[in-house]
């Protein structure tokens, strides 16, 4: 069994189960998932005045640092890329599939695209799930 919880086509949490390995999970395009929880700041001050270019740049830089920190926490909970590829290949093999080589699976788990559904579809293909 494999599935995905999709976040507005921007990212997805992957979950899968096989026997005897049990559950594994990962995330596709985690930076975009994190950005849903930490949207950017308004370029206006508390009085509704447009901030200076320097203030906006400082605020944007602070926001990027916050996103970086949150993304690291998220990746610790939901391994991606090479960190998740071994579990994904084990799942596929135990499910009777023929997964692609490790580097291809790792690349699919770390891929970026406009729509996460396309990334998930490519992941399914490299894990050995093809159209009937």
**Study point:** Part-to-part distance (alpha-carbon centres) for segment 97-127 and segment 1-74, which is given in Å
**Key:** 20 Å
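If the chain between residue 125 and residue 45 were fully stretched, how many nm would it gain, using 0.36 nm times the residue separation less the Cα-Cα distance?
Details: separation 80, 0.36 × 80 = 28.80 nm, distance 4.85 nm.
Net length gain for the segment: 23.9 nm.
Please arrange 44, 120 by how many other C-beta atoms lie within 10 Å of their C-beta, fewest to most. Don't skip to the answer; put the middle values down first.
Numbers: 44 11, 120 21.
Ranking 44, 120 by Cβ neighbours within 10 Å, fewest first, gives 44, 120.
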Check your understanding: Helix 116-126: angle to the longest alpha-carbon principal axis of the chain, degrees 0 to 90, nearest 10?
Key -> 20 degrees
Review point. What ranking do 125, 50, 28, 109 get, fewest neighbouring Cβ atoms within 10 angstrom at the top?
Key: 50, 125, 109, 28
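Quote to one decimal, in nm, the extra length available between residue 104 and residue 1 on full extension: 0.36 nm per residue of separation minus the C-alpha distance between them.
35.0 nm
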Check your understanding: Relative contact order for the chain: what is it in percent, counting Cα pairs under 8 Å that are at least 6 residues apart?
Key -> 27 percent
Check your understanding: The list (i) -0.72, -1.24; (ii) -0.65, -1.47; (iii) -0.83, -1.30 gives values of log10 I(q)/I(0) by the Debye sum over Cα atoms at q = 0.15, 0.22 Å⁻¹, and only one came from this structure; which label was calculated from it?
Key -> (i)
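Based only on other Cβ atoms within 10 Å, what is the fewest-to-most ordering of 91, 24?
Numbers: 91 23, 24 18.
Placing the least packed residue first, the sequence is 24, 91.
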Practice item. Quick one: go through segment 10-46 and flag any residue whose amide nitrogen is under 15 Å from the point 7 Å out along the Cα-to-Cβ line of residue 62. Key: 39-46
Check your understanding: Taking a point 7 angstrom from the Cα of residue 72 along the C-beta vector, which residues in segment 35-62 have backbone N less than 18 Å away?
Key -> 35, 38, 61-62
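Read-outs throughout are calculated quantities, based only on the coordinates presented, and are distinct from any laboratory measurement. Since the structure is predicted, the reported quantities are computational estimates derived from the model, not experimental observations. All Cβ positions, even for glycine, are placed from backbone atoms using ideal geometry, and neighbour counts span all protein chains on display.
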